[in-house]
Amino acid sequence: MAKLDDSDIRPGKIRPAYDDDDYRPRRGSAVLKLSLLCLLLAGAAGAAGYFWWTQHGELDEMESGYKQSSWDSKECKRQLGEVSGKVDGLNRLVATCQSEKQGSEDKHKQTEAMMTSMETNLNATRAELEDLRKQRAEAEKRLQGFKDLTAKFQKMIASGTVQVKFRNGVMLVNMPSEVLFPSASAEISDQGKMKVMEVGVILKNLPERQFMIVGHTDSLPIKSDVYKDNWDLSTARALTVTKFLVSAGLDAKRLIAAGHGEHDPVASNKSKDGREKNRRIEIILMPNINELPPVPGDDDKKDDSKGG
């Protein structure tokens, strides 16, 4: 490097820091460096621009995809809300249908129960109607039997010797004790024998019947050395008539004797007329076995079914 003289340094005069020979090479090197720097900066700018351009496209795509996904999500939520509403509506419809079905089943059960009850009542009514028909037929049959019996005793009824009536559901022939016996006695009078004989002839024509001969008295205490009380007297009189009917030709197996004393009055014992009505002999026509309701374990029926 050239040295500067003091003479060369003057006020107002500027001298280059280097000699021309030294300055030229250094200036070229700086320009080269600056050019390289510019190239590097330009390359970096281009690379940055390319990177930005490529990334900007991806960002746009990502943003567009995000927006599309967001719209799809909203649309899915909307559709999901609609489907949920439809599902809720269907669930309510199913619940309503199930409730209506249960109600229909309950009504069906109630209808079946009502029909069963009505059928039971109808069968019971039919059975009752059939029973009523049988009872009516039996009543008509008994009424006809009563008319027939009354016709057979018509002569004795007209003379006042007997009465034919229904009492306690059975037919009977009523004979006043005054016609048959003296007071406080069980010995049948001659007139009484004739009357009992007439009755026996008629009863003999009813071979399918059994008869119960029952004695009755009034409530006045008996005065007798033979009979202890009215019960004894009524039983003795019934037995006397029964034996006389057997002697008249009736089968003893068809006859039953019993005494009620004063315990089955037909009138008040406070009057003479009432006491006279209470002193009587009743010949009860016992119902036939086929006129009675069936009795479980009836020995007579079992024996009849075996043929004796």
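The values are calculated or read from the model by the stated rules, or taken from the named source; none is laboratory data. Just so it is clear, the model here is predicted, and its values are computed rather than measured. All Cβ positions, glycine included, derive from the backbone under ideal geometry; neighbour counts span all protein chains shown.
Can you confirm whether segment 241-264 contains a residue that is more than 30 Å from ASP190 (Cα to Cα), in the same structural domain as PRO207 (by TED's automatic domain parsing) and at pLDDT 80 or above? Lay out the reasoning, then the answer.
Kept after step one, since they are more than 30 Å from ASP190 (Cα to Cα), are these residues of segment 241-264: none.
Within segment 241-264, not a single residue is more than 30 Å from ASP190 (Cα to Cα), in the same structural domain as PRO207 (by TED's automatic domain parsing) and at pLDDT 80 or above.
Residues of segment 218-232 being over 56 Å from the mean Cα position of the chain (by Cα) and under 18 Å from ALA257 (Cα atoms), which ones?
From segment 218-232, those over 56 Å from the mean Cα position of the chain (by Cα) are 218-230, 232; that's our starting set.
Within segment 218-232, TYR227, ASP229, ASN230, ASP232 meet the criteria.
Do we find that LYS155 is within 13 Å of ILE283 (Cβ to Cβ) and outside any loop (DSSP other than H, G, I, E, B) in this structure?
Taking the combined requirement at face value, the residue does not satisfy it.
For a quick check of your reading of the model, give me the residue pairs whose first member lies in segment 253-275 and is over 16 Å from ARG237 (Cβ atoms), whose second is outside any loop (DSSP other than H, G, I, E, B) and among the acidic types (Asp, Glu), with beta-carbon atoms closer than 8 Å and at least 6 apart or on different chains.
These pairs meet every condition: ALA267/ASP273.
With the requirement that a residue be touching a Pro at 6+ places or on another chain (Cβ under 8 Å) and surrounded by 17 or more Cβ atoms within 10 Å (Cβ to Cβ), what does segment 198-221 give you?
Answer for segment 198-221, where residues must be touching a Pro at 6+ places or on another chain (Cβ under 8 Å) and surrounded by 17 or more Cβ atoms within 10 Å (Cβ to Cβ): HIS216, ASP218.
If you go through segment 285-307 one residue at a time, do you hit one that is part of a loop (DSSP other than H, G, I, E, B), at pLDDT 95 or above and within 22 Å of VAL196 (Cα to Cα)? Spell out the reasoning first.
From segment 285-307, those part of a loop (DSSP other than H, G, I, E, B) are 287-288, 292-298, 306-307; that's our starting set.
When the remaining residues are screened for being at pLDDT 95 or above, the result is none.
Checking segment 285-307: not a single residue is part of a loop (DSSP other than H, G, I, E, B), at pLDDT 95 or above and within 22 Å of VAL196 (Cα to Cα).
Considering only residues that are in a helix (DSSP H, G or I) and crowded, with 17+ Cβ neighbours inside 10 Å, look in segment 162-197 and name the one that is farthest from the chain's Cα centre (by Cα). Reasoning before the result, please.
Looking only at segment 162-197, we keep the residues that are in a helix (DSSP H, G or I), and these are 177-180, 190-197.
Right, trim to crowded, with 17+ Cβ neighbours inside 10 Å and you get 177, 179-180, 192, 195-196.
Numbers: SER177: 60, VAL179: 64, LEU180: 64, GLY192: 66, LYS195: 64, VAL196: 62 Å.
Taking the candidates together, the pick is GLY192.
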